[in-house]
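Report on the following structure.
The values are calculated or read from the model by the stated rules, or taken from the named source; none is laboratory data. On a predicted model such as this, the values are computed, not experimentally measured, just so you know. Glycine gets a Cβ as well: all are built from the backbone with ideal geometry, and neighbour counts include every protein chain shown. Side chains included, ligands, DNA and RNA excluded: accessible areas come from the protein's heavy atoms. Shrake-Rupley method; radii C 1.70, N 1.55, O 1.52, S 1.80 Å.
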Amino acid sequence: MKHFLDITRETCPMTFVKVKLMLAKLGKGEQLEILLNEGEPLENVPRSCEEQGYKVLSVEPTDNASQHLLLVEK
């Protein structure tokens, strides 16, 4: 099952805090698609997810040049 989280209005460190709280609610093997801004969130959130043991499946740009979609599996 795939879930969605928009963190474009958040700033670090709240970007990863929101992601971590959402991932905690998911079951093993479930996926979370995260809309995030480029810059600090794009650099920190995927790295932090991997450091916490989650699997980063992809990072793709969106039609909005300043935003990306991150796909993470628990």
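Observations on the model:
- Residue check for Gly27: in a loop (DSSP other than H, G, I, E, B), on the phi > 0 side of the Ramachandran plot and modelled with pLDDT of 95 or more: no
- Meets criteria (outside any helix (DSSP H, G or I) and among the charged types (D, E, K, R)) for Glu33: yes
- Where Cys49 falls short, out of the listed (1) modelled with pLDDT of 95 or more; (2) on the phi < 0 side of the Ramachandran plot; (3) open to solvent by 40 Å² or more (accessible area, probe 1.4 Å): (3)
- Region 8-39 - residue that is β-branched (Val, Ile, Thr), under 17 Å from Glu50 (Cβ atoms) and touching a residue at least 12 places away in the same chain (Cβ under 8 Å) and, of those, surrounded by the fewest Cβ atoms within 10 Å (Cβ to Cβ): Thr15
- Region 21-40, subset among the charged types (D, E, K, R) and farther than 18 Å from His68 by Cα, residue farthest from the chain's Cα centre (by Cα): Lys28
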